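The values are calculated or read from the model by the stated rules, or taken from the named source; none is laboratory data. Please read all numbers here as calculations on a predicted model, not as lab measurements. Ideal geometry is used to build each Cβ from the backbone, glycine not excepted, and the neighbour counts take in all protein chains shown. SASA here: full protein model, heavy atoms, side chains in, ligands and nucleic acids out. Shrake-Rupley method; radii C 1.70, N 1.55, O 1.52, S 1.80 Å.
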Amino acid sequence: AKNRGRNRLVTFDETMNKEARMRLWLEIELQKALQNKGLEVWYQPKVSARDFSIHGAEALVRWKHPIEGYISPAQFIPVAERSGLIEQLGQVVMKEVFTTVKFWKKQGMLQGRVAINLSPQQFGNPNLIQYVSDLQRTTGVNPDDITFELTESAMLGENEHTIQMLNAIKKLGFALSIDDFGTGYSSLSYLARFPLDELKIDRAFIKDLETVPKQLTLIENIINLGKSLNMSVVAEGVETQQQAALLSNLNCDYIQGFHFFRPLPKTDLETILMKNFRG
Ligand code: C2E
Ligand code: CA
Ligand code: CA
Ligand code: CA
């Protein structure tokens with residue numbers, strides 16, 4: 001028993017070590033990727049819940065490591081957030097998206113807005129406003145074509161900083177979306193106080209929409225809540241035809257999920273958009 005205990009302890013320590021080493025490796029490799037322009041931005045289209053036509057997209061960062069292949073954002077975003085690399089990563093994403101959206105809109109290729117995810121660390125930095133404002137001017141993008149997505153936890157409660165940042169982003173003309181709605185915050189009072197344009201219902205609510213009757217009631221009420229507060233409502237993580245039909249019946253505004261589109265490289269999305277464009 002003593003032996004086993006000791007072994008377990010050793011195993012435990014090695015696991016910790018492995019995790020720490022993994023984090024360090026990711027940080028070093030991510031640093032390299034940022035230097036070598038090794039990050040890409042992919043786009044997942046959203047569709048209208050009325051006619052299922054493409055309406056806007058979400059920008060999602062992708063990292064193809066030269067040896068390991070694609071590494072999931074779920075793995076490297078937390079590392080970027082803890083190491084401070086998220087600042088640079090976020091700027092790469094914003095530059096790419098602003099430039100691309102300017103082009104798509106000029107060509108008349110895309111309807112709706114493109115959404116950019118903001119980490120709590122990015123949102124917490126007051127320099128974000130100046131950066132975004134400068135980038136908007138140099139790229140010439142219409143801020144009305146861009147949405148910033150924030151999670152409930154990114155807004156860090158209803159303090160002065162949060163209100164000031166949200167108002168500053170709105171004042172520049174950008175739209176604001178609350179991401180992963182229903183997963184992060186215990187109070188709903190921020191919905192009345194914050195200038196939010198969109199509410200994204202988290203995938204967790206959609207998952208068992210067909211099998212858990214109360215889930216449908218819950219979603220119906222979230223949709224009505226969002227709409228009554230003048231927000232557009234997006235359902236994310238929609239994977240089946242039945243989920244899409246149910247959401248459509250509940251008058252959800254937009255749908256995002258693998259049932260319609262996976263995140264796509266820019267050129268793949270452009271091919272799809274051009275096909276639609278030509279009819
Ligand atoms: P998120 O903002 O909630 O993004 C949605 C995630 O759900 C994406 O994962 C997307 O690929 C995935 N997804 C979309 N439809 C479906 C579906 O039908 N079923 C399932 N199972 N999944 C679906 P991804 O791209 O791996 O990103 C994970 C998270 O990483 C994002 O969650 C976001 O929090 C973060 N992230 C991604 N790109 C960026 C970025 O450029 N900046 C920042 N700060 N965070 C990012
Ligand atoms: Ca998001
Ligand atoms: Ca989300
Ligand atoms: Ca999320």
Accessible area expressed per residue, the chain, with surrounding protein chains retained (probe 1.4 Å, Å²): 54
Radius, Kirkwood style, for the chain when every pair of distinct Cα atoms is counted (Å): 20.3
The range 130-279: proportion of alpha-carbon pairs further apart than 18 angstrom, %: 63
Shape call, the range 166-239: gyration tensor on alpha carbons, a/c limit 1.5: prolate
Potential lengthening between N276 and D208 on full extension [0.36 nm per residue; Cα-Cα distance subtracted]: 21.3 nm
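Charges at C-beta only: +1 for Lys and Arg, -1 for Asp and Glu. How large is the resulting dipole of the range 65-152 about its Cα centre, in Debye rounded to 20? If you can, show how the numbers build up before the last one.
Numbers: 7 positive and 9 negative charges, 71 e Å.
For this selection, approximately 340 debye.
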Cut-off under 5 Å, modelled amide H: who pairs with V141 long-range: none
Residue among L128, W104, M155 farthest towards the positive dipole end of the range 88-173, charges placed on Cβ: W104
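What shape does the range 77-197 have by the C-alpha gyration tensor, where a ≥ b ≥ c are the square roots of the eigenvalues, rounded means a/c under 1.5, and otherwise prolate means a/b greater than b/c and oblate the rest?
Numbers: a/c = 1.77, a/b = 1.39, b/c = 1.27.
Prolate shape, in that a/c is at least 1.5 and a/b is the bigger ratio.
With contacts defined as alpha carbon pairs under 8 Å and 6 or more residues apart, what's the relative contact order of the chain in percent?
Details: 401 pairs, mean separation 50.2, N = 279.
Normalised by residue count, the contact order of the chain is 18 percent.
Can you tell me the dipole magnitude for the range 153-267 around its Cα centre, using point charges on the Cβ only (Lys, Arg +1; Asp, Glu -1), in Debye to the nearest 20?
On the way: 10 positive and 13 negative charges, 45 e Å.
Using only the charged Cβ atoms, the result is roughly 220 debye.
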Listed residue (L250, L273, V79) projecting farthest to the positive dipole end of the chain, Cβ model: V79
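How much mean residue ellipticity at 222 nm does the chain get from its helices, if each DSSP H run of length 4 or more adds -39500 (n - 2.57) and you divide by all residues, to the nearest 500 deg cm²/dmol?
Numbers: 11 runs with 142 residues, N = 279.
Calculated at 222 nm, the ellipticity per residue is -16000 deg cm²/dmol.
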Assigned charges on the beta-carbon of Lys, Arg, Asp, Glu; the chain dipole about Cα centre (debye): 560
Alpha-carbon centroid distance for the pair the range 73-97 / the range 151-209, whole angstrom: 20
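Just order 43-52, 130-139, 58-67 by mean Cβ neighbour count inside 10 Å, highest at the front, would you? Before the final figure, lay out each step's value.
On the way: 43-52: 19.3, 130-139: 14.8, 58-67: 16.4.
Highest mean packing first, the order is 43-52, 58-67, 130-139.
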Highest-fluctuation residue, G38, G182, G257 considered, GNM on the chain with Cα pairs under 10 Å: G38
Euclidean distance between Cα centres, the range 101-137 to the range 22-36, Å: 24
Of W42, I206, L218, farthest towards positive along the dipole that unit charges on Lys, Arg, Asp, Glu beta carbons give the chain: W42
